[in-house]
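Report on the structure given below.
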Amino acid sequence: MARRNLDAAYITKPVSIAYLTGFHAEPFERLMALAVRPDRATLIVPAIEREKAGRHGDVAEIMSWRDGEDGYALVRTALEGCAEVGVEKEHLSLQAAETLIARTAAREMVDVSPELRRLRRIKNQEEIEKLARAGSITDTVAGEVIDRLRPGQTELEISVMIGAAIGDHGGTLSFESLVQSGANSALPHMRPTSRRLAPGDFVLLDFGAAFDGYRADTTRMAVVGEPSERHKEIHDLVLAAHDAAVAAVRAGTTTGSVDAAARQVIDAAGMGDLFFHRVGHGLGLEAHEDPSLDPGSATVLEAGMVFTIEPGIYIPGWGGVRIEDDVVVERAGCRLLTKADHSLRVIPVSAGRAQGAP
């Protein structure tokens, strides 16, 4: 797994375990680990996950421990005789590392996190199909939810609506849905509030469906009532930046070049200071993973990488626009995994309920 010949790898990050075994679980404070040796693999899980983990017995031997028992006794057995052990330093806490050394034969720990991230960066065909399915569910929900938007609804109501629609179509939430209206849309990571949609508001919806653990992520825009020239100007500019970045994606170019393609469009309009985040991030079993498309980044794109394209412009106190899609890199370009309508959708004022009405 790593560049050195290790006695074993001790994997503790749940998403890494899911990638290597197909077993998805969140143990919270309980011990869960995958011990990989040259001749065998052992999956150590809390007893509450034993039955589900048993479905993956063809990949690893399953060992479980009950609350009140010593889970590290199983780790000691799984790592017996292993002195040089690969770990995920970005995940393993200092307390857990000290316990590992105290309770097992491990004497040296080598970080294998970079190698795991490298393996996950290129998606195989099965992974791409799951990401495409997640994208398709996300597209369907985008259309349905935007059609149901009305003045007077709260951001929180709409967030719940998105989650329910994703469930209706066989998906789960990739992450907490973001619904931002009016001036809130200029705050990229602001969570939904009780603010009600009102005429003149931009409405930003950033959400995604997950399918079998693989996550989509999209952002679409609407406006309450007929858009002003300013609404249209900002939306059109962000869409042009989005399209320029998508056009720049191909195997062999760099992540920084894709970011630059979007940034040049916005800079040329004199609004570069209002686009203050990277143009995208990797997708897979996590909503944010490698590669990261930062300004100036030098990662070379390879076929099978999947990431977002999401330029934005944010005007404090007024509103913001972000348009986001998921793409898979191909040798001669890229393929969109999310395809919902990119237009600035209009929420009719006449169809709304009175502001403040129940």
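Taken together, the values in this text are just the output of simple stated rules run on the coordinates, not laboratory data. Given the structure is predicted, the values throughout are model-derived calculations rather than measurements. Don't worry about glycine lacking a Cβ; one is built from the backbone with ideal geometry, like all the others, and counts go over all protein chains shown.
General remarks:
- Nearest-ten-degree value, helix 229-248 long axis tilted from longest Cα axis of the chain: 40
- For C82, residues with placed amide H under 5 Å, excluding near neighbours: A105
- Mean Cα-pair separation over length for the chain, i.e. relative contact order, pairs under 8 Å, 6 or more apart, %: 16
- Pairwise FRET efficiency - A97 versus A298, Cβ, R0 = 30 Å, nearest 0.05: 0.40
- Pairwise Lys count, the chain - Cα closer than 22 Å, eight or more residues apart or different chains: 8
- Rounded to 10°, Cα long-axis angle of helix 125-147 versus longest principal axis of the chain: 30
- Sum of side-chain charges, D290 neighbourhood, beta-carbon under 13 Å (Lys, Arg +1; Asp, Glu -1): 0
- Taking amide H atoms as placed 1.01 Å from N in the peptide plane, the amide H of H281 lies under 5 Å from those of L293, T308, each 5 or more residues away in sequence or on another chain.
- Cα centroid separation, segment 69-140 to segment 30-58 (Å): 12
- Computing FRET efficiency as 1/(1 + (r/R0)^6) for E61 and A268, where r is the C-beta to C-beta distance and R0 is 35 Å, gives about 0.05.
- Neighbourhood net charge (9 Å Cβ-Cβ; Lys/Arg +1, Asp/Glu -1) for S113: -1
- Estimated from helices alone, the mean residue ellipticity of the chain at 222 nm is -9500 deg cm²/dmol (sum of -39500 (n - 2.57) over DSSP H runs with n ≥ 4, per residue).
- A simple count of charges around R37, restricted to other residues whose Cβ falls under 14 Å of its Cβ and scoring Lys, Arg +1 and Asp, Glu -1, yields -3.
- For segment 195-292, the set of chymotrypsin sites (Phe, Trp or Tyr not before Pro) satisfying both a DSSP loop assignment and a count of at most 15 other C-beta atoms within 10 Å is given as F276.
- The order of the peptides 153-163, 9-19, 185-195, 90-100 by mean Cβ neighbours within 10 Å, most packed first, is 9-19, 153-163, 185-195, 90-100.
- Each residue, D212 and M190, gets one label point 7 Å from its Cα in the Cβ direction; the gap between the two is 3.9 nm.
- Net length available on complete extension from R40 to T172 is 44.2 nm, with 0.36 nm assigned per residue and the Cα-Cα distance removed.
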